[in-house]
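Read-outs: derived from the displayed coordinates by stated rules, not from any lab. Note that the structure is predicted; figures quoted are calculated from it, not measured. For neighbour counting, all protein chains shown are included, and Cβ atoms are generated from backbone atoms with ideal geometry for every residue, glycine included.
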Amino acid sequence: MKITRLFVNSSFVLICTLLAPGCATPNRAILVSPDLQSREIGDVHMLPVVDARKDTSVKVDLRQKIMNPICSAMKKKGYSVISECSLGADGATPSEIGEMTPAEMCRLGPSEARTLCVIIVEDIASDRNTCKVEIVGFMLDKTSEEVLWKGKGIGNQQGQGGLVGIIVGHLTTLAALETSTDRLMQSLPERTTPKR
Amino acid sequence: MKDTRGCRRVNVENKVAAVALVMCACVLATSFCGCGISVTNPMVLDVPNSGRELGGMLSGQSVILMPPQMLFVRTENEAPASAQDCGASGLDSLMLSTAREELAKKGMKCLEIDKETRNRTPELEASLQDLERDYSVLMRTTSRDDVGLASMRKLASITGASAVLMQSVRVKLGDRGGRADSGIQWQGTSSTTIKASLISLASGERLWAKEMFCRTLPSDDRCASALTDMYKDQQNKKGDDQ
């Protein structure tokens, strides 16, 4: 019986290790304005998450799983965030927004906003027991049409085949979503001065 | 009698332990053997507001084939990648030849404007340059907002063509995904998106558009076959499937 217990325990530990997120190398921003940490940007208007996925078979509450964690992380980093309910996209589809240039994206959101944050979900691929999430984030200055920050977060959750994979399948999707938002936020610099 | 009961209890415990061991071994074996990595098959998608059938459209009329717009980037940081690294050498020729073949099947005449012709006719060159500048906007917008309309009308008057076929490809180069031999699985991060859009030169209206998305590189055979599928009408596709 002891052997059985040992076997079960060791296999559980092994599976947990394999399911754990990949090695945590710091994620760098694709583009960041050199003075983002100190320049005056006012409130950051966070637009609703743009679902620009080609394959939308994985159903996810993007506000709850992506937008809310990102808003919290930005607040922790010293940004003043205002969540917007509408993209103000004037009929453009999410797919079109996903392919817009930063200058075109600056036309989104409320007209009075100065700084915009646009989060685009490019892909969520779930294969029973593995999941990959790809998100891109932009912080834009609407007045100068300048990209203040652009980052990318990829959450690639490893899984196992067979029964274990089937049982914990939905958890890998959640873990991949969490990893992708964490990685994206890693690339956003912290504010060093008061916002105003 | 007591001894026999004790022996029986020991036997039962051993059997339970053996069964538990076998069950654990089965669970672990199925866990580690893996089920192979399944890459999502290419998906041919309808572009919103462009769901018309290509068959019967512009039959007998000329269509200008524009060279495809190619973009190759690395998935993790969007840094430029080479066509060779992305397994996309010759993809532009394949896209053009597929379009030429498929449009011809639908009765359209394909018009390809070479460099010499462009150099000989400055007006043609200027119109084509305008279209090339607005390529990505023309490929994606559903409302035209007169983008490039003047150039398109000029192009129609010079060439006599009724429409232009624009194509684009975006390849993201990532890793290949899990190894089936070790049983450890993860999703590959490479993908290919190919778009084709037929735009009326008279009105700037998007007559037809299709998109192909595949979570693999263009060198995958399935990408090439999906390229042909893009031009198939729904009715024909159903017939083929049956």
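Structure notes:
- Per-residue average of Cβ from other chains inside 10 Å of A:93-102: 4
- The aspartates and glutamates within cross-link reach of A:K76, meaning a Cα-to-Cα straight distance under 13 Å and a gap of 8 or more places when in the same chain, are A:D182, A:E190.
- The ranking of A:W149, B:W208 by Cβ neighbour count inside 10 Å, starting from the fewest, reads A:W149, B:W208.
- Shown in residue order for region B:93-106 are the 3J(HN,Hα) couplings computed by the Karplus curve 6.51 cos²θ - 1.76 cosθ + 1.60 at θ = phi - 60°: 5, 5, 5, 5, 5, 5, 4, 4, 5, 5, 5, 4, 4, 8 Hz (x for Gly and Pro).
- Label-point separation, B:E132 to A:T192 (7 Å along Cα→Cβ), nm: 4.4 nm
- Take the Cα of B:E123, step 7 Å toward its Cβ, do the same at B:V12, and the gap between the two points is 10.0 nm.
- Whole-number percent relative contact order across region B:40-241, with pairs defined as alpha carbons under 8 Å at least 6 apart: 31 percent
- Our coupling estimate for region B:64-70, obtained by passing each phi through the Karplus curve with A = 6.51, B = -1.76, C = 1.60 and θ = phi - 60°, is 7, 9, 8, x, x, 8, 10 Hz, Gly and Pro reported as x.
- Note on A:27-34: average number of Cβ atoms from other chains within 10 Å of each residue's Cβ is 1.
- Partners for B:K154 among aspartates and glutamates (Cα-Cα distance below 13 Å; same-chain residues under 8 apart left out): B:E123, B:E125, B:D130
- Highest-first packing order for the peptide set A:83-92, B:62-71, A:43-52 is A:43-52, B:62-71, A:83-92, based on the mean count of other beta carbon atoms within 10 Å.
- With Rh defined as the Kirkwood radius, the inverse of the mean 1/r over Cα pairs, the Rg/Rh of region B:104-145 is 1.08.
- Share antiparallel - DSSP beta bridges, region A:28-186, percent rounded to 5: 75 percent
- Volume per residue of the C-alpha convex hull in region B:40-241, rounded to whole Å³: 133 Å³
- Within region B:40-241, antiparallel bridges make up roughly 65 percent of the DSSP beta bridges whose residues both belong there.
- Judged by the mean number of other Cβ atoms found within 10 Å, the most tightly packed of the peptides A:177-186, B:124-133 leads the ranking A:177-186, B:124-133.
- For region A:54-105 versus region B:103-165, the inter-centroid distance based on Cα atoms is 35 Å.
- Relative contact order for region A:28-186, counting Cα pairs under 8 Å that sit 6 or more residues apart, in percent: 27 percent
- Burial ranking of peptide ranges A:136-142, B:134-140 (average Cβ count within 10 Å, highest at the top): A:136-142, B:134-140
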